[in-house]
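Novice: Handing you a structure now.
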Amino acid sequence: MQNVVILGTGGTIAGTGTDPDRSWQYRAAQLSVAQLVDAVPGLAGMALETIQVAQVDSKDMGWAVWRALGSELQRQLAREDVAGVVITHGTDTLEETAYLLHRLVGARKPVVLTAAMRPATASDADGPANLRDAVRVVQGASHRGLGGVVAVMQGCIWAAEQVRKAHSSALNAFDGGGHAPLAVLDEQGQWRQAASSWPVCGDVDWSVLSPARCPRVEILYSHADADGWLVEAVLAYRESHGPLDGLILAGTGHGTLHKGLEGGLSKAVARGVTVWRSSRVARGGVASREGDVFPACGELTPAQARVALMLYLMGV
Ligand code: ASP
């Protein structure tokens, strides 16, 4: 039997608190990934390996962790004796890591991100079942010859480019931005799914993660009274403090922006900043339109669009 490798990065799934019934009082990223696996009876005796890649609350996710995660992932996926990889992660930025990896990982082997909304010490901890399900999905996908990146939470398999955190506290916190899950696990962890609906993957050159720094891409929100003050401030700051390479607009509705932002954003483009439009609305995304001044980001969330623009600026 081939191994499943579990890469730990921290998150609430590895969090601990002192009162099992006050699950909101805890610290994320306290237990090792080996401890998480040991705590799941359903994983006993399986061919699993654990590697601690990072130990962070994913609200603090960033390029340094992504680089470390990417190089370990690449190493593990290249092993002939590895069926696929599970990544334990925080829920806060899971959609960003999932999208980045979706663009990097080829179609040969499955990579499954999982997380938890309750710390490991909570009376209603959801991490153990999510971790068990994630391993099952790697095994099932590998068996069917499916590769690519998905996220598994609460019995649902989500496509990496669609998954997003949609609730700040509920156990069932993720959705697909209007898309259904790729599949739902039954009680035995079995799932049915058309292979054609499994995500199509990037398989780009992993050396994109080599630079110690990534392009600076910031996110700007359009809202009532937005008058461009922030854009002007950013452009002025850029003069003295160095690069701003891209801006993602989290626009209103279908990626529209307050007229007060138009002048500032056009000025940003004229100064070499790439500006793309996403939407602050949870579903529907932003389609391209003829004569677009600022290109549209489709159905990516603003945070995922930021990753897409970083990759674009790196030539991917
Ligand atoms: N702040 C935590 C994290 O993202 C939340 C979680 O994992 O649910 O790491």
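The values are calculated or read from the model by the stated rules, or taken from the named source; none is laboratory data. This structure is a prediction, so every number in the text was calculated from the model and none was measured. Cβ placement follows ideal geometry from the backbone for every residue including glycine, while neighbour counts extend to all protein chains displayed. We work out accessible area using only protein heavy atoms, side chains counted, and drop any ligands, DNA or RNA first. Shrake-Rupley method; radii C 1.70, N 1.55, O 1.52, S 1.80 Å.
Novice: Could you order Met153, Met1 so the one with the most accessible surface comes first? Probe is 1.4 Å. Provide the component values of the computation, followed by the final result.
Specialist: Details: Met153 5, Met1 185 Å².
Largest to smallest exposure gives the sequence Met1, Met153.
Novice: Also, quick follow-up: For segment 260-316, what does the alpha-carbon gyration tensor say about shape, rounded, prolate or oblate, given a ≥ b ≥ c as the root eigenvalues, a/c under 1.5 as rounded, and a/b over b/c as prolate? Show your work: numbers first, answer last.
Specialist: Values: a/c = 1.74, a/b = 1.17, b/c = 1.48.
Cα axes put segment 260-316 in the oblate bin.
Novice: What accessible area, in Å² to the nearest ten, does a 1.4 Å probe give for His89?
Specialist: In the full protein context, His89 sits at about 0 Å².
Novice: In whole Å, what is the distance between the alpha-carbon centres of segment 14-87 and segment 248-314?
Specialist: 33
Novice: Could you state the accessible area per residue of segment 238-307 in Å², with a 1.4 Å probe and every protein chain left in place? Spell out each step's value before the answer.
Specialist: Working: 3350 Å² over 70 residues.
With all protein chains present, segment 238-307 gives 48 Å² per residue.
Novice: Kindly express, to the nearest 10 degrees and within the range 0 to 90, the angle between helix 302-313's C-alpha long axis and the longest C-alpha principal axis of the chain.
Specialist: 80
Novice: If you don't mind, another one. Can you give the angle from 0 to 90° between the axis of helix 127-143 and the longest principal axis of the chain, with both taken from C-alpha atoms, to the nearest 10?
Specialist: 90
Novice: Continuing with the same structure: Exactly which trypsin sites (Lys or Arg not before Pro) in segment 10-90 are in a DSSP loop and have at most 16 other Cβ atoms within 10 Å?
Specialist: Values: sites: Arg22, Arg27, Lys59, Arg67, Arg75, Arg79; in loops: Arg22, Arg79.
Those satisfying the criteria are Arg22, Arg79.
Novice: While we're looking at this one, here's another question. Students sometimes get this wrong: rank Arg144, Arg213 by accessible area, probe 1.4 Å, all chains present, largest first.
Specialist: Numbers: Arg144 100, Arg213 170 Å².
Highest to lowest solvent-accessible surface, that is Arg213, Arg144.
Novice: Here's something else I'd like to know. How large a share of the accessible area of the chain, in percent, is made up of carbon and sulfur atoms when the probe is 1.4 Å and the other protein chains stay in place?
Specialist: On the way: 7170 of 14190 Å².
Its accessible area is 51 percent carbon and sulfur atoms.
Novice: So how much accessible area does Asp21 have, in Å² to the nearest 10, using a 1.4 Å probe?
Specialist: Its accessible surface works out to 110 Å², give or take rounding.
Novice: Moving on. Please go through segment 79-132 and write out the GluC sites (Glu not before Pro) that DSSP classes as loop and that have at most 11 other C-beta atoms within 10 Å.
Specialist: On the way: sites: Glu80, Glu95, Glu96; in loops: Glu80.
Sparse-neighbourhood loop GluC sites (Glu not before Pro): Glu80.
Novice: Give the accessible surface of segment 1-152 per residue, rounded to a whole number of Å², with probe radius 1.4 Å and ligands, DNA and RNA excluded. Let's see the in-between values first.
Specialist: Details: 5670 Å² over 152 residues.
Value for segment 1-152: 37 Å² per residue.
Novice: Might you work out the accessible area of Val137 for me, using a 1.4 Å probe with all protein chains in place, and round it to the nearest 10 Å²?
Specialist: Accessible surface of Val137 is approximately 0 Å².
Novice: Next question. With point charges of +1 on the Cβ of Lys and Arg and -1 on the Cβ of Asp and Glu, referenced to the Cα centre of the chain, which listed residue (Gln35, Ala287, Ala160) lies farthest in the positive direction of the dipole?
Specialist: Highest projection toward the positive end goes to Ala287.
Novice: Quick check: with the 1.4 Å probe, what order do Leu230, Leu311, Leu31 take by accessible area, largest first? Kindly include the intermediate steps, with their values, before the conclusion.
Specialist: Numbers: Leu230 95, Leu311 0, Leu31 40 Å².
Of Leu230, Leu311, Leu31, the descending order of accessible area is Leu230, Leu31, Leu311.
Novice: If you add up the charges near Val85, with Lys and Arg at +1 and Asp and Glu at -1, over every other residue whose beta carbon is less than 13 angstrom from its beta carbon, what do you get?
Specialist: Numbers: positive: Arg75, Arg79, Arg108, Lys109; negative: Glu49, Glu72, Asp81.
Its environment carries a net charge of +1.
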